[in-house]
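Taking it in order: structure first as structure tokens, then the write-up.
The values are calculated or read from the model by the stated rules, or taken from the named source; none is laboratory data. Small disclaimer: the values here were computed from a predicted structure and weren't measured. Glycine also receives a Cβ, built like all others from the backbone with ideal geometry; neighbour counts cover every protein chain displayed. For the accessible areas, the whole protein counts, side chains as well, though only heavy atoms, and no ligand, DNA or RNA atoms are used. Shrake-Rupley method; radii C 1.70, N 1.55, O 1.52, S 1.80 Å.
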Amino acid sequence: MTDAALHGQIALVTGATKGIGRAIATALLREGASVAICARHGDAVEAAVAELNAGAAHGARAIGASVDVADHEALRAWVASSAEQLGGVDTYVHNTSGKPARNLEGWRKNFDIDLMSLVHGAEAATPFLCDGGGSLISIGTTAAGEHFASGANSYSAFKAAVTNWTLGQAQVLGAQGIRCNVVSPGPIMVQGGDWDMIKNAMPPFFEATEKAHPSGHMGEPSDVANAVAFLASDRARHINGVNLTVDGGFLKRVDF
């Protein structure tokens, strides 16, 4: 996608100061969409917005705010404020996720961060998204549908819930003209991210995971971001209720 497929559109992306979220914001800006981002740390948001605006094109711009998505009222206020500043919302990208938890306190925290922030954010964005149609895109994971080495924890469970809820909205919100899809990455190499740390701390496991990909290497954040940009565009106008896997063939199951 190189012809400003999202020119004039407006997108909100949660958790977008680094990694996949940052790549998504970059891709949407590249395609001409103005973008609002949020994350917990104000300094990181400010720096990310400055860098995103430096690379923006087609008259698009980026804004951002410090928001803890577990504070659902603050999240709703951010959606409303971003829509007011940018002039609406065409695409809402739910990217925020907490670290895997195995104790009950961590599970409750992840419930608010992973799942309920999606429900609150999407509900707050719906009045804007249904004004002429829009797109809700959640970032899932292949670990939601297949056991992975990290074992049973909150991450896979709540990502499965995020996927189920989002795809279910394809029927509910779809009737209001809002397309609802999920992008599920497999292992993605993010500089300074989990797989980068695993590469240094557990070389045999990292190498085995790479070899499990038919291509012999993991994906990059831009691979996920390009899929999101496509789903947000009119080129995907008849795609609704789809879980788009971006894993380079890492999963061995056959999706019919």
- Do the conditions hold for residue 200, that is, is it more than 17 Å from residue 179 (Cα to Cα) and either of a type outside the set (A, V, I, L, M, F, W, C) or open to solvent by 60 Å² or more (accessible area, probe 1.4 Å) (or both)? yes
- Exactly one of 49, 93 is of a type outside the set (Phe, Trp, Tyr), in contact with a strand residue (DSSP E or B) (Cβ under 8 Å, 6 or more places away or on another chain) and closer than 19 Å to residue 136 by Cβ, and that residue is 93
- Message: Checking the structure you have, find out if any residue of region 133-145 is surrounded by fewer than 19 Cβ atoms within 10 Å (Cβ to Cβ) and of a type in the set (A, V, I, L, M).
- Response: no
- Among the residues of region 97-140, which ones are within 23 Å of residue 244 (Cβ to Cβ), in contact with a Gly (Cβ under 9 Å, 6 or more places away or on another chain), modelled with pLDDT of 95 or more and not hydrophobic (A, V, I, L, M, F, W, C)? 114, 126, 134
- Message: Could you go through region 33-56 and let me know if any residue there is open to solvent by 20 Å² or more (accessible area, probe 1.4 Å), within 23 Å of residue 220 (Cβ to Cβ), outside any helix (DSSP H, G or I) and in contact (Cβ under 8 Å) with a residue 24 or more places away in the chain.
- Response: yes
- Message: If I go through region 166-189 residue by residue, how many of them are more than 24 Å from residue 254 (Cβ to Cβ), surrounded by fewer than 17 Cβ atoms within 10 Å (Cβ to Cβ) and either of a type outside the set (A, V, I, L, M, F, W, C) or in contact (Cβ under 8 Å) with a residue 12 or more places away in the chain (or both)?
- Response: 4
- Query: Which one is farthest from residue 229 (Cα to Cα), of the residues in region 1-53 that are β-branched (Val, Ile, Thr) and touching a helix residue (DSSP H, G or I) at 6+ places or on another chain (Cβ under 6 Å)?
  - Reply: 17
- Message: I'm told residue 73 meets every condition in (1) touching a Leu at 6+ places or on another chain (Cβ under 7 Å); (2) at pLDDT 95 or above except one. Can you identify the failing condition by its number?
- Response: (1)
- Query: Could you count how many residues in region 65-121 are part of a loop (DSSP other than H, G, I, E, B) and open to solvent by less than 50 Å² (accessible area, probe 1.4 Å)?
  - Reply: 11
- Task: Search region 108-119 for residues that are farther than 8 Å from residue 98 by Cα and among the hydroxyl-bearing types (Ser, Thr, Tyr) and pair each with any residue that is in a helix (DSSP H, G or I) and open to solvent by 20 Å² or more (accessible area, probe 1.4 Å) when their beta-carbon atoms are under 7 Å apart and the residues are at least 6 apart or on different chains.
- Result: 117/72
- Query: Quick one: in region 203-243, which of the residues that are in contact with a helix residue (DSSP H, G or I) (Cβ under 7 Å, 6 or more places away or on another chain) and over 21 Å from residue 94 (Cα atoms) is most open to solvent (accessible area, probe 1.4 Å)?
  - Reply: 217
- Which helices (runs of 4 or more DSSP H) does region 175-256 wholly contain that include 2 or more residues that are within 16 Å of residue 140 (Cα to Cα) and of a type outside the set (Val, Ile, Thr)? 221-232
- Item | Residue selected from region 126-142 under the condition more than 15 Å from the chain's Cα centre (by Cα) and not β-branched (Val, Ile, Thr), by the criterion nearest to residue 185 (Cα to Cα) | 134
